[in-house]
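Peer 1: Let me begin by handing over the structure; questions about it come next.
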Amino acid sequence: MRYGVTAWTALPLVLALGAPAAAQQGGIAPSVSQAQPLPAGPQPPADAQPLANAQPLAAGEEEIAFTADRVEYDNENEVVTAVGQVRVNRQGTFVAADQVRWDRRTGEVVATGNVVVVQPQGDRLISERVVLDDALRDATVENLLVVLESGGRLAADRATRTGDVTTLDNAVYSPCRIESETGCPRRPSWRILAARVRYDQAAERIRFERGRFELFGVTLPLLPVFSLGTSTGGEGYSGFLLPELRYSRRLGAELSLPYHLRFGPNRDLTVTPHLYTSVVPAIEGRYRELNSLGAFSLGAFVTYGDRSSYDDSRTNRGLRAYFEGNGKLQFDPVWSLTGQLRAATDKDVARFYDVNRDDRYRNFLDLERIDLDSYVSIAGWAFQGVRQNDIQRTIPFALPAIDARIRLSDPVLGGRVELQANSLAVFRREGQDSQRAFAGARWDLRKLTRFGQEILLTGYARGDVYHSDQNELTTAAIYRGEEGWRGRAIAAAAAEVRWPLTGEFLGGIQRLTPRAQLVVTPPTANISLPNEDSRSVDLEDSNLFALNRFPGYDRWEDGSRLTYGLDWSLDRPGWAVTSNIGQSYRLNRDAQIFPNGTGLTDRWSDFVGRTRVKVGRFVDLTHRFRLDKDNFAVRRNEVDLTVGTTETYARIDYLRLNRNVDQSVEDLRDKEELRLAGRWKFHRFWSVFGATVLDLTNTDEDPLTIADGVNAVRHRLSLDYEDDCLSFGISWRRDYERLGDRAEGSTFSFRLSLKGLSR
């Protein structure tokens, strides 16, 4: 028989040994409201007062619940013993054991046999014998195992627990699993052995004294006293993080030792000294904060050295620094402010010290208002060029850049109307300045015919005002426009028809969608206006049916045209194919504003298309192309292929642009590039990764290139290990780009990450 009693203040409180037991401080008294009659079976002594007549809990007294197969009463010694599948619960502390013995006179509770104590925070204490007080909080244990809520484990010869603090002697800690998936014993990847361990459950902190670190069976010395956190909430603690080791041709051997400062649950600072053998040390810092308005991060890298690598005329040594910051503040559900700051004291400081490899830094502030039917953006942009030939005083900054749009709630002639206003001012310290403002409206209507055709009708009207000066300082004539005030009116109407046809094919479903679009627009002023945001134009499958195939707003594709194409897809179990192809024809013979090589110069455009093949999750192939309309020469050939799983895969990316663009068009240079990458997981925990970037461009494709047809840009190779509690990797990277008069060379890195550790 099993006894089930709830709402007891201590294990045997329901017992009335001759009379109702008076509850001690924090002691025992049955609760009438929750008490249940004992089931048939062994009964308490005859003189025990029935539970139904028990007195209510006195103030300050607490309830306890337990179940057991059998309860034995020793009235003379005031000892109660629960035997067989004993379960005790008090204030969230749960005890399970084969037997629990409670001495009422001493208040000692002894649990024996397969004992498991679960604390309210989730930690589990496992042993064969545990001595507790009657509040089930303080304990003394021999040969125990503590399973932390974070997943880590503490084992010790002996331990005592007082309040929230557990002290363990001759202890070992590891977050690793000690059994394999088949249940066989497994040696943890790493563990910490210590003569004494102090675990503060409330602070979620473990303190080790006279500790040793064991990694794959190899014992390494540690500091005499150190501590680590066990929190899983990501808040962290102040302290040192794991160091990082690297070696490169430029910097020599590098040691980075981060120190993390936690100011609160929402603010922290990480300071990282970098020590090098070939250059002077550097220091790096990053501050992060999350508050009621949003989140932001600020970072800096500072050192001292030679700043002459890109400009031989500057041989001075001085402070070298890189700064960055980003964040977003949400003032209310619709208004927000987003910003990014990036700046460097010289062009190659970030690349030389391997902080980042960007060739330009963007800085902006953007105040936005977004709701379901309107959008407002007030922004400012600034740029820093860090390429060798960049001249900073000629690089523009934009302030302000304003864009506002509103979608009318009521339909107009059955269609949706969107109004837009835009303003942009571009300035240079040396070079052309220009300002632009426009207001426009767009009307869209979508209809389905009774035969399944989809009809899209569009109307567009816009008025522009431009002002520019110092236009002669822009070297490319097609970009500069005419100086002074200029105006422009734009009008366009478009009609597009799509006819989806669906049916069975090859055991799957195929969809064939012919589509045709007619765009009518009168001649529009373009060359007389400055061009700041419509320079990088190229015909692709993504913009074939666009109303304006120029990016940005400064150039508008005038003249009437007919665009036609075909979309096709086939879906079968396990694999799928999608493809499209199209071309456009210009109805008028007026001179065009598209640069040569863009695929849009003549009345007939080039053919563009894309095909994608997917075989389950194992093969993913995408091919984009552009074929010359006259001789079908491949002007754009782009292949992205991924074969494999998430753990073992190979990836090939190939791009060839053979557009024969005029050399004066700086934004449309031809190139040929091959990227290869692959990962092989040859063991359950081991994998190898390799990647390379090859520049295949030659002077036939780009007369300005210095490549000879097969130039290595970057190689990378790494060996990685990762299990449930540890990951590390050894990597090699070879860069062939030069930093001014210095070659990049090779970089070797060693990375070690111990899972289950908080700061």
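The values are calculated or read from the model by the stated rules, or taken from the named source; none is laboratory data. It should be emphasised that the depicted structure is a prediction, and the values quoted were computed from it without experimental measurement. Cβ atoms come from the backbone with ideal geometry, glycine included; neighbour counts cover every protein chain shown.
Peer 1: Among the residues that make up segment 432-441, is at least one of them outside any strand (DSSP E or B) and in contact with a Leu (Cβ under 7 Å, 6 or more places away or on another chain)?
Peer 2: yes
Peer 1: Can you give me the number of residues within segment 102-122 that are farther than 23 Å from GLU204 by Cα and not hydroxyl-bearing (Ser, Thr, Tyr)?
Peer 2: Filtering segment 102-122 for residues farther than 23 Å from GLU204 by Cα gives 102-115.
With not hydroxyl-bearing (Ser, Thr, Tyr) added as a condition, the list becomes 102-105, 107-111, 113-115.
Count: 12.
Peer 1: Let me ask you something else. For segment 506-513, does any single residue satisfy the condition of being on the phi > 0 side of the Ramachandran plot and surrounded by fewer than 20 Cβ atoms within 10 Å (Cβ to Cβ)?
Peer 2: yes
Peer 1: Hey, can you tell me all the residues within segment 502-516 that are more than 40 Å from the chain's Cα centre (by Cα) and at pLDDT 90 or above?
Peer 2: GLY503, GLU504, PHE505, ALA516
Peer 1: Here is a further query. Show me the strands (runs of 3 or more DSSP E) found entirely inside segment 132-207 where at least 2 residues are surrounded by 15 or more Cβ atoms within 10 Å (Cβ to Cβ) and touching a Gly at 6+ places or on another chain (Cβ under 6 Å).
Peer 2: In segment 132-207, 190-200 are the strands (runs of 3 or more DSSP E) which contain 2 or more residues that are surrounded by 15 or more Cβ atoms within 10 Å (Cβ to Cβ) and touching a Gly at 6+ places or on another chain (Cβ under 6 Å).
Peer 1: Going residue by residue through segment 475-491, is there one that turns out to be assigned by the TED database to the domain that holds THR598, aliphatic (A, V, I, L, M) and within 28 Å of ASN580 (Cα to Cα)? Reasoning before the result, please.
Peer 2: Kept after step one, since they are assigned by the TED database to the domain that holds THR598, are these residues of segment 475-491: 475-491.
Now restrict to residues that are aliphatic (A, V, I, L, M): 476-478, 489-491.
In the following step, the residues that additionally are within 28 Å of ASN580 (Cα to Cα) were identified as none.
No.
Conditions tested, residue by residue: (1) in contact (Cβ under 8 Å) with a residue 24 or more places away in the chain; (2) in the same structural domain as VAL115 (by the TED database); (3) among the hydroxyl-bearing types (Ser, Thr, Tyr); (4) at positive phi.
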{"site": "THR140", "(1), (2), (3), (4)": "no, no, yes, no"}
{"site": "PRO185", "(1), (2), (3), (4)": "no, no, no, no"}
{"site": "PRO188", "(1), (2), (3), (4)": "yes, no, no, no"}
{"site": "ILE192", "(1), (2), (3), (4)": "yes, no, no, no"}
{"site": "ARG210", "(1), (2), (3), (4)": "no, no, no, yes"}
{"site": "VAL218", "(1), (2), (3), (4)": "no, no, no, no"}
{"site": "LEU222", "(1), (2), (3), (4)": "yes, no, no, no"}
{"site": "PHE226", "(1), (2), (3), (4)": "no, no, no, no"}
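Peer 1: Suppose we filter segment 334-358 for residues that are closer than 18 Å to ILE378 by Cβ and either aliphatic (A, V, I, L, M) or not in a strand (DSSP E or B) (or both); how many remain?
Peer 2: Within segment 334-358, residues that are closer than 18 Å to ILE378 by Cβ and either aliphatic (A, V, I, L, M) or not in a strand (DSSP E or B) (or both) number 3.
Peer 1: Can you name the residue in segment 527-537 that is surrounded by fewer than 18 Cβ atoms within 10 Å (Cβ to Cβ) and under 21 Å from ALA401 (Cβ atoms) and is also modelled with the lowest pLDDT among such residues?
Peer 2: Across segment 527-537, the extreme among qualifying residues is SER536.
Peer 1: Output the residues belonging to segment 478-513 that are part of a helix (DSSP H, G or I) and of a type in the set (A, V, I, L, M, F, W, C). Before the answer, list the steps.
Peer 2: The first filter runs over segment 478-513 and keeps only residues part of a helix (DSSP H, G or I), leaving 478-480.
If the condition is that a residue be part of a helix (DSSP H, G or I) and of a type in the set (A, V, I, L, M, F, W, C), then ILE478 is the only one that fits.
Peer 1: Taking into account only those residues within segment 445-467 that are within 42 Å of the chain's Cα centre (by Cα) and hydroxyl-bearing (Ser, Thr, Tyr), which is surrounded by the most Cβ atoms within 10 Å (Cβ to Cβ)?
Peer 2: TYR466
Peer 1: Do we find that ASP98 is under 30 Å from THR166 (Cα atoms), of a type in the set (Asp, Glu) and at pLDDT 90 or above in this structure?
Peer 2: So ASP98 passes the test.
Peer 1: Under the condition of being in a loop (DSSP other than H, G, I, E, B) and not hydrophobic (A, V, I, L, M, F, W, C), which residue from segment 713-747 is modelled with the highest pLDDT?
Peer 2: ASP723
Peer 1: Search segment 398-420 for residues being of a type in the set (Gly, Ala, Ser) and loosely packed, with under 15 Cβ neighbours inside 10 Å, and hand back the single one that is nearest to ASN471 (Cα to Cα). Even if it seems obvious, please write down each step before you answer.
Peer 2: In the first step, residues of segment 398-420 are kept if they are of a type in the set (Gly, Ala, Ser); the result is 398, 401, 404, 409, 414-415.
Next, only the ones that are loosely packed, with under 15 Cβ neighbours inside 10 Å stay: 409, 414.
Details: SER409: 43, GLY414: 45 Å.
Filtering segment 398-420 for residues that are of a type in the set (Gly, Ala, Ser) and loosely packed, with under 15 Cβ neighbours inside 10 Å, the one nearest to ASN471 (Cα to Cα) comes out as SER409.
Peer 1: Okay, moving on. Does segment 124-137 contain any residue that is under 27 Å from ILE64 (Cα atoms) and within 35 Å of the chain's Cα centre (by Cα)? If you could, list the steps in order and put the result at the bottom.
Peer 2: To start, the set of residues in segment 124-137 that are under 27 Å from ILE64 (Cα atoms) comprises 124-137.
Adding the requirement that they be within 35 Å of the chain's Cα centre (by Cα) leaves 124.
Among the residues of segment 124-137, at least one is under 27 Å from ILE64 (Cα atoms) and within 35 Å of the chain's Cα centre (by Cα), which makes the answer yes.
Peer 1: Check off (1) out of contact with any Leu (no Cβ under 9 Å at 6 or more places or on another chain); (2) modelled with pLDDT of 90 or more; (3) not polar (S, T, N, Q) for GLU482 and give me the number that stays unchecked.
Peer 2: It fails just one condition, (1).
Peer 1: If you scan segment 189-206, which residues turn out to be at pLDDT below 85 and not small (Gly, Ala, Ser)?
Peer 2: Passing the criteria: TYR199, ASP200, GLN201, GLU204, ARG205, ILE206.
Peer 1: Please specify each residue of segment 540-570 satisfying the condition of being of a type in the set (Phe, Trp, Tyr) and part of a loop (DSSP other than H, G, I, E, B).
Peer 2: Taking segment 540-570 as the starting set, the residues that turn out to be of a type in the set (Phe, Trp, Tyr) are 545, 550, 553, 556, 564, 568.
Those that are of a type in the set (Phe, Trp, Tyr) and part of a loop (DSSP other than H, G, I, E, B): PHE545, PHE550, TYR553, TRP556.
Peer 1: Next question, about the same structure. Which residues, counting only those in segment 304-331, are part of a loop (DSSP other than H, G, I, E, B), surrounded by fewer than 15 Cβ atoms within 10 Å (Cβ to Cβ), at pLDDT below 95 and out of contact with any Ser or Thr (no Cβ under 6 Å at 6 or more places or on another chain)?
Peer 2: Correct list: ASP311, ASP312, SER313, ASN316.
Peer 1: Considering only segment 361-379, state which residues are farther than 18 Å from GLY299 by Cβ and not acidic (Asp, Glu).
Peer 2: Of everything in segment 361-379, those that are farther than 18 Å from GLY299 by Cβ and not acidic (Asp, Glu) turn out to be LEU367, ARG369, ILE370, LEU372, SER374, TYR375, VAL376, SER377, ILE378, ALA379.
Peer 1: Could you tell me which of the residues PHE750, PHE689, PHE682 is part of a loop (DSSP other than H, G, I, E, B), of a type in the set (Phe, Trp, Tyr) and modelled with pLDDT of 80 or more?
Peer 2: Answer to the check: PHE682.
Peer 1: Would you please name the residue that is nearest to GLY152 (Cα to Cα), looking only at residues in segment 105-123 that are within 45 Å of the chain's Cα centre (by Cα) and surrounded by fewer than 16 Cβ atoms within 10 Å (Cβ to Cβ)?
Peer 2: So the residue we want is GLY122.
Peer 1: On the basis of being modelled with pLDDT under 90, surrounded by 17 or more Cβ atoms within 10 Å (Cβ to Cβ), out of contact with any helix residue (DSSP H, G or I) (no Cβ under 9 Å at 6 or more places or on another chain) and not polar (S, T, N, Q), does LEU674 make the cut?
Peer 2: No: the conditions fail for LEU674.
Peer 1: Determine if segment 493-502 includes at least one residue that is surrounded by fewer than 16 Cβ atoms within 10 Å (Cβ to Cβ) and touching a Pro at 6+ places or on another chain (Cβ under 6 Å).
Peer 2: Yes: one or more hits.
The rows are residues; the columns are (1) buried (at least 20 other Cβ atoms within 10 Å of the Cβ); (2) of a type in the set (S, T, N, Q); (3) closer than 29 Å to HIS467 by Cβ.
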position: PRO522; (1), (2), (3): no, no, yes
position: ALA525; (1), (2), (3): no, no, yes
position: LEU539; (1), (2), (3): yes, no, no
position: LEU547; (1), (2), (3): no, no, yes
position: LEU562; (1), (2), (3): no, no, no
position: LEU566; (1), (2), (3): no, no, no
position: LEU570; (1), (2), (3): no, no, no
position: GLN583; (1), (2), (3): no, yes, no
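Peer 1: Let me confirm something: among THR611, THR598, THR642, THR648, which residue is out of contact with any helix residue (DSSP H, G or I) (no Cβ under 6 Å at 6 or more places or on another chain), hydroxyl-bearing (Ser, Thr, Tyr) and at pLDDT below 95?
Peer 2: Answer to the check: THR598.
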